[in-house]
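Participant: One structure, pasted below without further comment.
The values are calculated or read from the model by the stated rules, or taken from the named source; none is laboratory data. None of the values given here were measured: they were computed from a predicted structure. Backbone-built Cβ (ideal geometry, glycine too); neighbour counts: all protein chains shown. Only protein heavy atoms, including side chains, enter the accessible area calculation; ligands, DNA and RNA are left aside. Shrake-Rupley method; radii C 1.70, N 1.55, O 1.52, S 1.80 Å.
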Amino acid sequence: MSDIELLKRLGWNKHFADEAERLGFDVDDIVRVSGVRRKGFVVRRGDESWWVKAAGRLKRERLYPVAGDWVVVNKKNVITDVLPRRNALSRGAAGVSRKEGGPAVEEQVMAANLDAVLIVCGLDGDFNLRRIERYQTLIYNCELKAVIVLTKADLQAKRDEMVKEVMDVAGGVDVHVVGMDDEAGVEEVRGHMRDGETVTMIGSSGAGKSTLINRLLGEELQVTGAVSDAVGKGKHTTTKRDLIMMPSGGMVIDNPGIREVAFWGDEGGVDATFPEIDEVAGMCKFGDCSHTHEPGCAVRAGVERGEIKEERLENYLKMRGEMSQLADRQEKGAGRSEKERSKGLSMRIKEMHKRKGGKRH
Ligand SMILES: Nc1nc2c(ncn2[C@@H]2O[C@H](COP(=O)(O)OP(=O)(O)O)[C@@H](O)[C@H]2O)c(=O)[nH]1
Ligand SMILES: [Mg+2]
Ligand SMILES: [Zn+2]
């Protein structure tokens, strides 16, 4: 198989090829990051995986590779560059200096170059509509596509009612239901991971993410085998993120459960999650209406008419509040967003190329 074919199977496409050309990278040196560990990175090209290190410069530039990144590796197996990300799932890191409930101080990129993010939520004690809305907001802020997967349907007698409640908040997003007693839901989820497509999952620890990955892989393949072969030793744990190939050709990046979803970027995720509120918010009497007590509030009027659910409005206001705190903080220069950083790097590389007037190696 040609080098390009080996990359294509991992999701390489014209977009990345154009980027590589623009930046003067040699396609033969490009691989995809499939695992991130304290001691280094596992990269992949076709079926081959191996360990590499990252150049110190990348860390200094705060451009540390994550699972899903396309990177340039030199002959000494050192990552020298990260291709600009097409997109990334990131959140505010739970930094030490952060006050409980306060805005994040740093960005944590969880996975890069994705086609969709699966929100995995159990129909057991894990079930929480407000948390689903929160995940949706996070995903939309990253300008990514969301898919909802409800697990443990076999454990829930009220499953149909609960699924309906989710459909009501999903805003047209696909909702799939999986349980240990049937394969239909798993099959539906598989439909989001076609050849060369990459998805990742977010959800609480214990929601059933790893179980779902194992089922997607099929009986004979275990998640444990998928990475340990490449790594040579150590069994798979989901305390780290790994890109796993599906027999069908798609890829999934396993994610550890996240306890906390602090926001980072704001790309209108709240409004996208609550379209029924966004639609009328502009019709309030006051332009800066907080939708809490003002006269002539179109949103509260919507609640009174039963067109907007009170619980949704509460969550909307809560997240809007967090977002404006975050904006204040970021204005003070707490940190640049992933996008700006990525852009900054590409610009610098471009300038360097102009100066050198040639291809880099
Ligand atoms: N009954 C039932 N149990 C499930 C289902 N999905 C996951 N589990 C169980 O839930 C527990 C946590 O699952 P796991 O996949 O490790 O969750 P993760 O932390 O999200 O990766 C395990 O004991 C699984 O066997 C399901 O659909 N039905
Ligand atoms: Mg897991
Ligand atoms: Zn209002």
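Participant: If only one of Val189, Val173, Val147, Val177 is within 16 Å of ligand 2 (Cβ to nearest atom), closer than 25 Å to Met245 by Cα and either touching a strand residue (DSSP E or B) at 6+ places or on another chain (Cβ under 9 Å) or of a type in the set (Val, Ile, Thr) (or both), which one is it?
Facilitator: Val189
Participant: Output the residue which, of all residues in the range 247-294 that are near ligand 3 (Cβ under 9 Å from one of its atoms) and either in contact (Cβ under 8 Å) with a residue 12 or more places away in the chain or under 25 Å from Gly208 (Cβ atoms) (or both), is farthest from the chain's Cα centre (by Cα).
Facilitator: If we take residues in the range 247-294 being near ligand 3 (Cβ under 9 Å from one of its atoms) and either in contact (Cβ under 8 Å) with a residue 12 or more places away in the chain or under 25 Å from Gly208 (Cβ atoms) (or both), then Lys285 is farthest from the chain's Cα centre (by Cα).
Participant: Going through the range 175-199 one residue at a time, which ones are under 22 Å from the mean Cα position of the chain (by Cα) and open to solvent by 70 Å² or more (accessible area, probe 1.4 Å)? Even if it seems obvious, please write down each step before you answer.
Facilitator: Residues of the range 175-199 that are under 22 Å from the mean Cα position of the chain (by Cα), as a first pass: 175-178, 185-199.
Result: Glu187, Glu188, Arg194, Asp195.
Participant: So Leu216 passes all but one of these: (1) at pLDDT 85 or above; (2) within 16 Å of ligand 2 (Cβ to nearest atom); (3) open to solvent by 20 Å² or more (accessible area, probe 1.4 Å). Which condition number does it fail?
Facilitator: For Leu216, the failing item is (3).
Participant: Can you list residue pairs whose Cβ atoms sit under 6 Å apart, with the first residue in the range 9-25 being outside the structural domain of Val71 (by TED's automatic domain parsing) and the second being of a type outside the set (A, V, I, L, M)? Count only pairs 6 or more apart in sequence or on different chains.
Facilitator: Going by the 6 Å Cβ cut-off, there are no qualifying pairs.
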